[in-house]
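> One structure, pasted below without further comment.
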Amino acid sequence: MKKRSDTIAAVSTALGKSGIGIIRVSGNASLEVVSRVIHSKIDLLSLTQLKSRKLIYAHLLDHNNSPIDEILVSVMPPDKSFTGEYTVEVNCHGGIAVITYALERILKNGARLAEPGEFTRRAWENGKIDLIKAEAIYQIINSTSLNALKLAWHQFEGGLTNRCNDLRKQLIDSLSYIQFHIDVEGDNESSDFSSVASDINKIKIIIQEMLSCSEKSNSVNNGIWISIYGQPNVGKSSVFNALLKMQRAIVCDQPGTTRDHISELININGFNVRLTDTAGIRETGDMIESESIKKTFEQIKAADILIYVLDISKDVDEKEIKDIRYVLDNDGLVVLNKSDLLESKTINYLISEIDSKWILKVSAKQGENIDKLEKAIEDLINKKFSSNEELIMMTLRQRSELTDCLTALNSIDLSLMKNNLDLLVYDLTSAISSMDKILGIITTEDVLDNVFKNFCVGK
Amino acid sequence: MVRDGYDLIVVGGGHAGIEAAAAGARMGCTTLLVSLPGGVGQLSCNPAVGGVGKGQLVKEIDALGGLMGELADAACIQFRRLNTTRGAAVQSSRMQVDLDVYPAAASARLKNLSGLDLLEDEMVDLQIRGDRVAGIRLAQGGELSAKCVVITPGTFFHGLIHIGSEHFPGGRLGDPAAEQLPQRLQALGLNFGRFKTGTTPRLDGATIDFLRLAEQKGDAEYLPFSVRSPRTPVLPQRSCFAGHTNLKTHQIIRENLGKSALYSGQITGTGVRYCPSVEDKIVKFPERDSHHVFVEPEGLNTPRWYPNGLSNSLPLDVQLEMVHSVSGLENARIVQTGYGIEHDYLDPTQLKPTLETKHIAGLFFAGQINGTTGYEEAAAQGLVAGVNAACQVLSRPPFILDRSQAYIGVLIDDLVTKGTNEPYRMFTSRVEYRLVIREDNADERLTPLGHALGLVSEVDYGQYTQRVAARHQEYERLKNHRVTGTAAVNQQLQAWELSPIQGSSTLLEVLRRPEVDYVRLAQLDPDTQQIPTEVRQSVDVRVKYEGYIKRQMAEVERFKDLESIRIPATFQYEGLPGINNEIVEKLTRIRPLNLGQASRVSGVTPAAIMLLMMHLKKKSNRG
């Protein structure tokens, strides 16, 4: 078993050449441990009654007590530190040798290496943060785009916590009302439970919205998935390369060149976008190709946004018209590629029939209108993901508990209210306990391990 | 009559004392019950036993071999089943009881118990040897030695009666308060707080205009609390009557709030939130212009009636004016004034789950003294204290019911783990697993335990096994017998707006329909008519709630996980890494028996429980 009050240490910055590197030390003995490896005018051991944070100029000492680096040491008392314990952070220069040596000295002088996520876990154990906040810290660290960061920050500030607390309170209100009518009023009063029924229905709708909203948020966090598809040899890969601004996919006149789909991450206006080039769709006897086409359909299903590519010079068939309509109905883009060639009659007719700003003429090969295409993608993303409504991001754990909550509420048969309030209470209680789990009010070791295991050492 | 030394002395003849003394004697301990003259089995307040949440307690006491159920049955003048429209798991029984017959029956039962002596006297001091109780000193009878002592003083410790601005010491109207003993106990280091309760004025039935009140008859079907009682009422049955307060009543109370002991600041103790005085109701629910008043008979041979809902601590003249404002009570004569009473209660977190004090070995407390309200709550504690005192004398392991076994378990766990900051009343909603702990299965949950303790006789246990067999047999019958969807059957179903039976269905499938109860089932299947009510009740719930019961049983299993991780009595929380001082202090004070109980101590975080668990596991691995 780990000893919880022992002192832990880890490098909190990325290891490599950098201006500074920070080693975080937390625990009762952190002042003592660090005092053994530094020299400064202020004795660290005199700071045990410190009320606020303090920054100290010092030197890192080697094992012969000679200075080996110039450092700053921040000292934080328990109520002013992240972990809720005495915390000392050693800011040394960011070289690999100096950071490793400083850590080694600290570990030799009474600290042990922290496990992944252990600092955050201690913060939770000491009541400094709730479980959702702990998860939000992980999300902040892992955000790779501004919009993902915004979502994570919203979470950190209590976005989900507040909404769950609010729903939990409403559920408890309904529960209390019913319990009151069981225990205090008994059946002396004929009571009206229609308001409870409508409250429960409202809560169900809110949870449904939260779940569907979190799907969007997860896309923003993990990268918005844009799939390029269309029939073979219409130039999908050329469009893909043009958007990537590099020759990533092999381009060839041969239909069916792209077999395995290719994905690349790009950033569009602060959003991470996972752009995918797929195999062209056609009837084929080729086993591998037909497997690729199967994969393409999976990609189309999973994508957040679809870009459907056509060859402007070819006539369109019924199947393609169907695809075009599908894409336009689902917030997608239609790209008429090879605009350097002559428009076919059917395409010409099509454009006059379907007047949409989401149909664009592009020549990927010549680089024509690629800027317009980028702008259109940006507009689509904004339309779909920059809504004014509050976006809530959820971890898998949070989603699954919220789904359990909804399931419990769905299993309430409101017609039971007539004479089985006890069963209604059972389902309501289950729903509340799911909320408790999201908020970390009830938690098991498994859940916690799962929450904290994803952290890197030093957090 | 009185011998020199006893195994067990029980002090106080109220509902807690009765059960404690009876349990001690029946488990084979030489037992003495000390009470004030005429102090056995008094119904100081409402002439009723049972009610929502409380009926379950009485059934459990009875299933364990306690007396309350039998005594109530013997004195029953009205029986009702409550919450019949709220769900099978929360249905409770309630009886109006005769206030003369009940104590007489209690005295008679106790006199007939071998090994039990009764003495009328007052305990004034406690004898201690080392850290153990050694005996008691009486006001008149000198000193008596005992291995264990159970104290059940009800509201008598420093009791202070309030009627308007008047107040005087008293344990109950007409009885003196106990002053010496509580002081002595305080000096021994026990902590007490102050609670307040109250009772209504009593009215002369001859002066009540019952025609202006709504008659409430008892249920047509009588179901005694006790499996040992006759199946039909012993006494003639009576009705209750419902009336209500009105704007005039409320105005009278509002105008005289300054004269109420409660609102003039004279009473400082905390009152019962869920059994409020009428002043409380008017102040806390200003929007309501009417409250129920149930006028209940106190017995067959007494003119006294109990206007349930008019509890107060107003001066007598205001009480009279208030009563007269209620329609039907215009000319009612008050035969006993309503009053508030303040009394000491012992902070129950000073007790172990056996109700033994942590400070003084062999000293137990039970009943209202532990911060509860209600006869049933008191009796349940009396039984647990008596049984555990006897277990200690007999060197048997303690008897503790957990929260998944019984309402009694919830009651005592709440008291000793969380304490209480207002008079504690039993509610079904305090019970996490109430779908599986119901009135109808109290015997299955507890009678085997009562039998093992020696409280349930062989004859009663034999009848218990037969009852259980009858339920199983009935369930099997439902599973195997079928109803054919004949024209007559389907016509009947149609008349109830239910879908017809295609071909045939088992009785079980038919009964599982929410709209079909046993009465309807009997109309579809004539054989069902012979099934007795007790069997029907029990089987009906099982069939209808089967899915829910299964889920809750799984939760009970999970609950037992933490409950089964024991914490040694000598466990040192101090210096345990990672647990903050506040939690250490609380756990050291409460000394929970297991991790489950520890998790319910207020302020103990899930994180602390996890750390404790790891520590305990590590210890057990080592040892």
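> Sequence neighbours fewer than 8 away in the same chain don't count; with that in mind, list the lysines whose C-alpha is under 22 Å from B:Lys560.
Result set, ordered by chain and number: A:Lys437, B:Lys352, B:Lys418, B:Lys550, B:Lys617, B:Lys618, B:Lys619.
> Next question. Please identify which residues in region A:271-298 have an amide N closer than 13 Å to a label point set 7 Å out from the Cα of A:Asn330, following the Cα→Cβ vector.
Inside the label zone: A:296-298.
> Can you give the FRET efficiency to the nearest 0.05 for B:Thr570 and B:Ala469, using r as the Cβ-Cβ distance and R₀ = 45 Å?
According to the calculation, E is roughly 0.50.
> Another question about this same structure. Of B:Ser229, B:Ser107, how do they rank once you tally other Cβ atoms within 10 Å and put the fewest first?
B:Ser107, B:Ser229
> Give, as ranges by residue number, the residues of region A:346-366 whose backbone N falls under 15 Å from the point 7 Å along Cα→Cβ of A:Asn382.
In region A:346-366, the label zone of A:Asn382 (backbone N under 15 Å from the point 7 Å along Cα→Cβ) covers A:358.
> Still on this structure: Once you place label points 7 Å from the Cα toward the Cβ at A:Ser52 and B:Arg333, how far apart are they in nm?
In this crude spin-label approximation the distance works out to 7.9 nm.
> Could I ask something else about it? What is the Å³ per residue value for the convex hull set by the Cα atoms of region B:95-233?
Once divided by residue count, the hull of region B:95-233 is 209 Å³.
> OK, next. Could you pull out every residue, at least 5 positions away or on a different chain, whose amide H is within less than 5 Å of the one on B:Tyr6? Hs are placed 1.01 Å off N in the peptide plane, and Pro or chain starts have none.
B:Ser145, B:Ala146, B:Lys147
> Also, quick follow-up: If you take every DSSP beta bridge fully contained in chain A, what fraction is antiparallel? Give it as a percent rounded to 5.
65 percent
> Okay, next question. For a quick check: sort B:Thr354, B:Thr232 by the number of other beta carbons within 10 angstrom, fewest at the front.
Listed from fewest to most nearby Cβ atoms, that is B:Thr232, B:Thr354.
> Please compute the net charge surrounding B:Asp204, taking Lys and Arg as +1 and Asp and Glu as -1 over other residues with Cβ under 9 Å from its Cβ.
Charge balance in the 9 Å sphere: +3.
> Spelling out what I want: for every residue of region A:424-438, take phi, set θ = phi - 60°, compute 6.51 cos²θ - 1.76 cosθ + 1.60 (Karplus), and round to whole Hz; glycine and proline get x.
4, 4, 4, 5, 4, 5, 4, 4, 5, 5, 5, 4, 4, 5, 4
> Would you list B:Glu166, A:Glu401 from fewest to most Cβ contacts within 10 Å?
B:Glu166, A:Glu401
> Roughly how crowded by other chains is peptide A:423-436, in terms of the mean Cβ count from those chains within 10 Å of each of its Cβ atoms?
Neighbouring Cβ atoms belonging to other protein chains average 3 per residue here.
> Right, something else. Nearest 5 percent is fine: what portion of the DSSP beta bridges confined to region A:9-131 is antiparallel?
95 percent
> While we're on this one: Evaluate the distance, in nm, between pseudo-label points positioned 7 Å from the Cα of B:Gln251 and of A:Gln170 along their respective Cα→Cβ axes.
It is 4.3 nm.
> What relative contact order, as a whole-number percentage, does region B:38-103 give when Cα pairs under 8 Å and 6 or more residues apart are counted?
43 percent
> B:Ser457: net charge of surrounding residues, Cβ under 12 Å, Lys/Arg +1, Asp/Glu -1, itself excluded?
0
> Taking every DSSP beta bridge with both residues inside the protein assembly as shown, roughly what % is antiparallel (nearest 5)?
70 percent
> Next question, about the same structure. Return the long-range amide H neighbours of B:Val97 (sequence gap of 5 or more, or a different chain), with a cut-off of under 5 Å between placed amide H atoms.
Here the answer is B:Ala48, B:Val49, B:Ile77, since their amide H atoms fall under 5 Å of that of B:Val97.
> While we're here: Using a 7 Å offset from Cα along Cα-Cβ at B:Ser165, what residues in region B:235-269 end up with backbone N under 19 Å from the label point?
Inside the label zone: B:253-268.
> Another one. Rounded to the nearest 500 deg cm²/dmol, what is the calculated helix-only ellipticity per residue at 222 nm for chain B, with -39500 (n - 2.57) per DSSP H run of length n ≥ 4?
-11000 deg cm²/dmol
> Let me check against my output: what whole-number percent is the relative contact order of region A:262-387, with C-alpha pairs under 8 Å and at least 6 apart?
Working: 140 pairs, mean separation 22.9, N = 126.
Relative contact order, region A:262-387: 18 percent.
> Using each residue's phi in region B:326-340, evaluate 6.51 cos²θ - 1.76 cosθ + 1.60 at θ = phi - 60° and report the 3J(HN,Hα) Karplus result to the nearest Hz, with x for Gly and Pro.
7, 4, x, 10, 4, 10, 5, 9, 8, 9, 8, 6, x, 7, x
Values in this text are rule-based calculations from the coordinates and carry no lab data. This is a predicted model, so every value here is computed, not measured. We place every Cβ from the backbone using ideal geometry, glycine too, and count neighbours over all the protein chains shown.
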